Amino acid sequence: MATGQLFSKTTQALFYNYKQLPIQRMLDFDFLCGRETPSVAGIINPGSEGFQKLFFGQEEIAIPVHSAIEAACAAHPTADVFINFASFRSAAASSMAALKQPTIKVVAIIAEGVPESDTKQLIAYAKANNKVVIGPATVGGIQAGAFKIGDTAGTIDNIIHCKLYRPGSVGFVSKSGGMSNELYNTIARVTDGIYEGIAIGGDVFPGSTLSDHVLRFNNIPQVKMMVVLGELGGRDEYSLVEALKQGKINIPVVAWVSGTCARLFKSEVQFGHAGAKSGGEMESAQAKNQALRDAGAVVPTSYEAFEGAIKETFEKLVEAGKITPVKEVIPPQIPEDLNTAIKSGKVRAPTHIISTISDDRGEEPTYAGVPMSSIVEQGLGVGDVISLLWFKRSLPRYCTRFIEICIMLCADHGPCVSGAHNTIVTARAGKDLVSSLVSGLLTIGPRFGGAIDDAARYFKDAYDRNLTPYEFVESMKKKGIRVPGIGHRIKRGDNRDKRVELLQHFARANFPSVKYMEYAVQVETYTLSKANNLVLNVDGAIGSLFLDLLAGSGMFTKQEIDEVVGIGYLNGLFVLARSIGLIGHTFDQKRLKQPLYRHPWEDVLYTK
């Protein structure tokens with residue numbers, strides 16, 4: 001066990017198992033104390049490496065993240081404190097690994113419930129190697145104005161209130177972390193404040209004892225008096241009694257052992273900590289208080305009188321000239337986090353993204369204001385979800401059914417079309433699903449599957465301007481533009497695309513109006529008079545019928561219809577549908593374990 005001061009203004013720590021709030025509180029305390037360097041040198045997060053962004057005052061800094069304790073210690077040889085936020089299941093193993101590192105001198109174990117046998121091994125190793133274990137079940141410790149462990153002393157407001165941003169004259173040690181915060185406040189009210197404070201933890205076997213730290217404090221010149229808060233259960237306080245009797249402590253000790261109320265209960269009572277359970281008269285709070293009093297400690301008659309005893313002892317030391325009260329300093333202002341300032345109404349900040357289609361802030365996500373559970377309970381389908389997320393309204397069932405039919409009919413068109421071919425080649429090159437899918441999707445455009453929007457746009461413009469099919473087709477010819485939605489490499493006037501026929505049949509049976517589709521059919525009649533392959537294709541059928549859906553449903557204004565066509569909604573339908581097939585082709589090639597594709601020489605015309 002160390003015999004003097006554990007921490008200083010240059011102490012740095014390694015933080016095990018990343019927790020954002022405790023680390024940020026340590027860095028805020030550093031800034032408050034005027035430290036030049038952050039007290040957290042590195043973070044250890046098993047399985048992760050890189051950096052974590054945090055704030056050191058106004059400056060945003062990147063703290064290295066290491067995947068292993070050994071690597072972190074090698075990278076930060078000056079960091080001699082290991083702060084362990086691992087769970088009780090892994091805290092012992094990681095703490096032992098840290099103790100075995102030559103650079104680590106102090107290990108703080110935050111978890112409670114660490115198996116006692118494991119704790120005993122840690123204690124034995126630490127004693128044999130002159131190292132210090134604080135905890136388990138501890139909040140940590142603090143040296144005022146220099147260094148603190150994790151969440152010790154709570155919020156910055158509490159730290160400022162307790163004057164922990166600068167050193168005082170009092171050494172404090174307690175079993176309880178929560179009561180430590182209370183005593184920091186009490187001591188700040190009646191003395192010049194804490195020099196160092198330690199919470200040893202409430203487990204039955206603490207890594208270091210009350211007397212270990214009291215004896216340390218006795219060797220620190222800046223500590224002029226000590227305050228000790230024990231509790232019923234165990235016999236740790238008696239080692240302090242022996243130290244007092246043997247004259248090993250030569251500065252005043254004000255002590256109180258809590259739990260005197262236990263005698264009011266008829267049966268044995270387990271208080272908050274695992275060790276706070278009296279195992280007989282000697283372990284009672286009354287017996288310990290009396291033993292400390294007999295040994296020379298200042299022990300009040302009750303906890304309520306504790307503050308008065310601390311104050312009286314401090315004032316006597318000041319009168320005797322043994323303490324010169326510390327002069328007050330004004331700590332720097334900690335910059336407030338933006339989120340905190342916004343919540344408190346101190347600032348307003350612009351948002352960076354606007355979303356009108358979904359919201360995940362409540363108990364369940366909503367699509368255009370409709371709860372997810374409602375969608376499932378009503379038995380709605382994919383078409384209804386598209387209706388909500390794309391059009392921000394619940395379309396009639398015939399509309400959503402039409403959307404679903406379009407998806408089914410356009411899901412795939414065999415392995416030979418350009419999108420499927422690209423996906424197959426990419427999958428056979430050993431690429432992953434997303435890469436293979438994207439490879440196929442990138443072929444979608446004016447020549448493959450991307451003509452739905454253009455077909456809708458041109459058909460709508462021609463119909464709304466009352467152009468005859470002849471005027472429309474010939475005007476497009478003069479501009480050098482092929483009529484989108486007309487023409488097919490395989491289908492002919494006497495061999496129509498079955499998909500087009502299915503869509504037309506559904507629309508005639510369910511749509512209130514099919515004026516745009518009928519216009520597209522009239523255009524087809526004219527183009528077939530020119531060439532037998534200039535049939536209405538699936539792009540033209542979907543484009544014209546979607547115009548009928550939008551206009552006939554009565555749920556869209558003319559401006560909204562123009563916007564839907566202009567933005568690219570209809571091509572989105574083809575992209576969504578064809579993704580199903582492209583994913584299928586990827587899985588098919590993977591399942592068949594197809595080798596790398598190489599195009600055959602005989603299928604290439606080599607020419608100068």
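The values are calculated or read from the model by the stated rules, or taken from the named source; none is laboratory data. Source: prediction; values computed, not measured. Heads up, the Cβs are rebuilt from the backbone with ideal geometry, glycines too, and the neighbour counts pull from every protein chain shown. Calculation scope for accessible area: heavy atoms of the full protein, side chains included, ligands and nucleic acids excluded. Shrake-Rupley method; radii C 1.70, N 1.55, O 1.52, S 1.80 Å.
Counting protein heavy atoms only, the stretch 398-592 has 55 percent of its accessible area on carbon and sulfur, 1.4 angstrom probe. The orientation-averaged projected area of the convex hull spanned by the Cα atoms of the stretch 13-320 comes to 15.8 nm². Annotation: Thr301 carries an accessible surface of approximately 120 Å², with a 1.4 Å probe and no ligand, DNA or RNA atoms counted. Reported to the nearest whole Å, the Cα centre-to-centre distance from the stretch 434-477 to the stretch 560-575 is 11.
When restricted to Cα atoms, the stretch 184-225 yields an Rg and a Dmax of 11.9, 33 Å, respectively. What fraction of the Cα pairs in the stretch 63-115, stated in percent, has a spacing above 13 angstrom? That fraction is 56 percent.
Taking label points 7 Å from Cα along the Cα-to-Cβ direction, Lys245 and Phe55 give a separation of 5.4 nm.
May I ask which of Lys224/Lys327; Lys127/Lys163; Lys9/Lys120; Lys148/Lys346 have a Cα-Cα span longer than 25 Å here?
Over 25 Å Cα-Cα: Lys127/Lys163; Lys9/Lys120; Lys148/Lys346.
For the pair Ala509 and Tyr303 in one chain, pulling the backbone fully straight at 0.36 nm per residue adds 65.5 nm over the alpha carbon distance. Shown for the stretch 398-592: lysine pairs separated by 8 or more places, or found on different chains, whose C-alpha atoms are under 23 Å apart, numbering 15. A simple spin-label model places pseudo-atoms 7 Å from Cα toward Cβ; at Ser374 and Thr351 they are separated by 1.9 nm. With a 1.4 Å probe rolled over the protein heavy atoms of all chains, the accessible area of Ile375, Ile580 falls in the order Ile580, Ile375, largest first. Residues whose amide H falls under 5 Å from that of Val40, counting only those 5 or more places apart or on a different chain, are Ala13, with hydrogens built in the peptide plane. Coupling constants for the stretch 355-368 follow from the phi torsions by the Karplus curve (6.51 cos²θ - 1.76 cosθ + 1.60, θ = phi - 60°), and in residue order they are 10, 10, 9, 8, 8, 10, 7, x, 5, 8, x, 10, 10, 6 Hz; glycine and proline get x.
In units of the rule-of-thumb radius 2.2 N^0.38 Å, the chain shows an alpha carbon radius of gyration of 1.53.
Karplus-derived 3J(HN,Hα) values for the stretch 157-166, using 6.51 cos²θ - 1.76 cosθ + 1.60 with θ = phi - 60°, are 4, 5, 4, 5, 4, 8, 6, 7, 6, 9 Hz; glycine and proline are entered as x. In this structure, the amide hydrogen of Gln52, modeled 1.01 Å from its nitrogen in the peptide plane, lies closer than 5 angstrom to those of Ile63, Val65, counting only residues at least 5 positions away or on a different chain.
Taking 0.36 nm per residue of sequence separation and removing the Cα-Cα distance, the Thr607/Ser418 pair yields an extension gain of 65.7 nm. Expressed as a whole percent, the accessible surface of the stretch 1-143 that belongs to carbon and sulfur atoms is 52, based on a 1.4 Å probe. Estimated from helices alone, the mean residue ellipticity of the chain at 222 nm is -13000 deg cm²/dmol (sum of -39500 (n - 2.57) over DSSP H runs with n ≥ 4, per residue).
Solvent-accessible area per residue in the chain equals 49 Å², computed with a 1.4 angstrom probe and all protein chains kept. Packing-based ranking of 142-154, 501-513 yields 142-154, 501-513, ordered from highest to lowest mean Cβ neighbour count within 10 Å. 3J(HN,Hα) along the stretch 372-377, derived from phi through the Karplus expression 6.51 cos²θ - 1.76 cosθ + 1.60 where θ = phi - 60°, amounts to 4, 4, 5, 4, 5, 5 Hz, with x in place of Gly and Pro.
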